[in-house]
Amino acid sequence: MEKIRSFIAIELPQELKLALSRLQGELKSASSVPVRWVDPGNIHLTLKFLGDIDPAVTGQITATLENAAQGTHPFDIEASGLGVFPNMERIQIMWVGLAGELEKLGQLQKRIDTCLTPLGFPPETKAFTPHLTLARVRDYARRDERKSLGEIINGTSFEQKYKIKVNAILLIKSQLTQEGPIYSRISTTALR
């Protein structure tokens, strides 16, 4: 049976996706550094990347997400501010940061990680750093290009705060195509 590439995420409100699109447009017009922009409609908050899974286990994963969500009431976070990984001198990823009830978000992510371990998904080894990826710098970008991009990011403001009501977690299928990934929802687990 063919495997499906999947991940667990939180959906973003349309107002925020529009703001991220405007921000990307501003950054694109200010820089010629070779980057691969994430389609604003596809930007989401990833809680766990699962990789290629057997479609037969999606029901078990959904049941596990329901267990992980038990006792987690809806909460609010907000998107604001720009950042990069790993640093402004050697940018690989541009992102928008998150604030608000990040402790609750971190607890939810940890419960999801712990609950999925018995299904064969190893726990994350890196600390959870919640962010919204805007773009990835191409591998062939030169060091001076990366540094100039850092200067542009430092001079770009994204300070308006956009609320994200976290009231559900999604299991999403990612189909890779030449034009970019196509995401489709496999299941939705409500927080109560």
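The table below lists the values:
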| read-out | value |
| --- | --- |
| Residue order, fewest to most beta carbons within 10 Å, for Trp95, Trp37 | Trp37, Trp95 |
| Among Leu23, Leu176, Leu105, residue whose mean-square fluctuation peaks in a GNM of the chain (springs only between Cα atoms under 10 Å) | Leu176 |
| Residue exposure sequence - Tyr183, Tyr140, Tyr162 - by fewest surrounding Cβ within 10 Å | Tyr140, Tyr183, Tyr162 |
| Among the listed pairs Lys17/Lys165; Lys110/Lys161; Lys126/Lys173; Lys3/Lys104; Lys48/Lys173; Lys126/Lys165, those beyond 21 Å (Cα-Cα) | Lys110/Lys161; Lys126/Lys173; Lys3/Lys104; Lys126/Lys165 |
| Segment Thr117-Leu102, length gained on full extension (0.36 nm per residue, minus Cα span) | 3.1 nm |
| Contour excess over end-to-end distance, with Cα ends at Phe49 and Lys28 and 0.36 nm allotted per residue | 4.8 nm |
| Among Thr114, Thr125, Thr62, residue whose mean-square fluctuation peaks in a GNM of the chain (springs only between Cα atoms under 10 Å) | Thr125 |
| Reference-scaled alpha-carbon Rg (2.2 N^0.38 Å with N residues) for the chain | 1.06 |
| Cα centre as origin, Lys/Arg/Asp/Glu Cβ charges: the chain dipole, Debye | 140 |
| The chain: angle of helix 143-154 to the longest principal axis, Cα-based, in degrees nearest 10 | 80 |
| Dipole of the chain, positive end: most advanced residue of Thr64, Ala30, Ser174 [Cβ charges, Cα centre] | Ala30 |
| Residues Thr46, Thr129, Thr177, Thr189, sorted so that the one with the fewest Cβ neighbours within 10 Å comes first | Thr177, Thr129, Thr46, Thr189 |
| Difference of contour (0.36 nm per residue) and Cα-Cα distance, Met88 to Glu15 | 23.5 nm |
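None of the figures in this text is laboratory data; all of them are computed from the coordinates on show. Since the structure is predicted, the reported quantities are computational estimates derived from the model, not experimental observations. Using ideal geometry, Cβ is built from the backbone for each residue, glycine included, and neighbour counts are taken over all protein chains shown.
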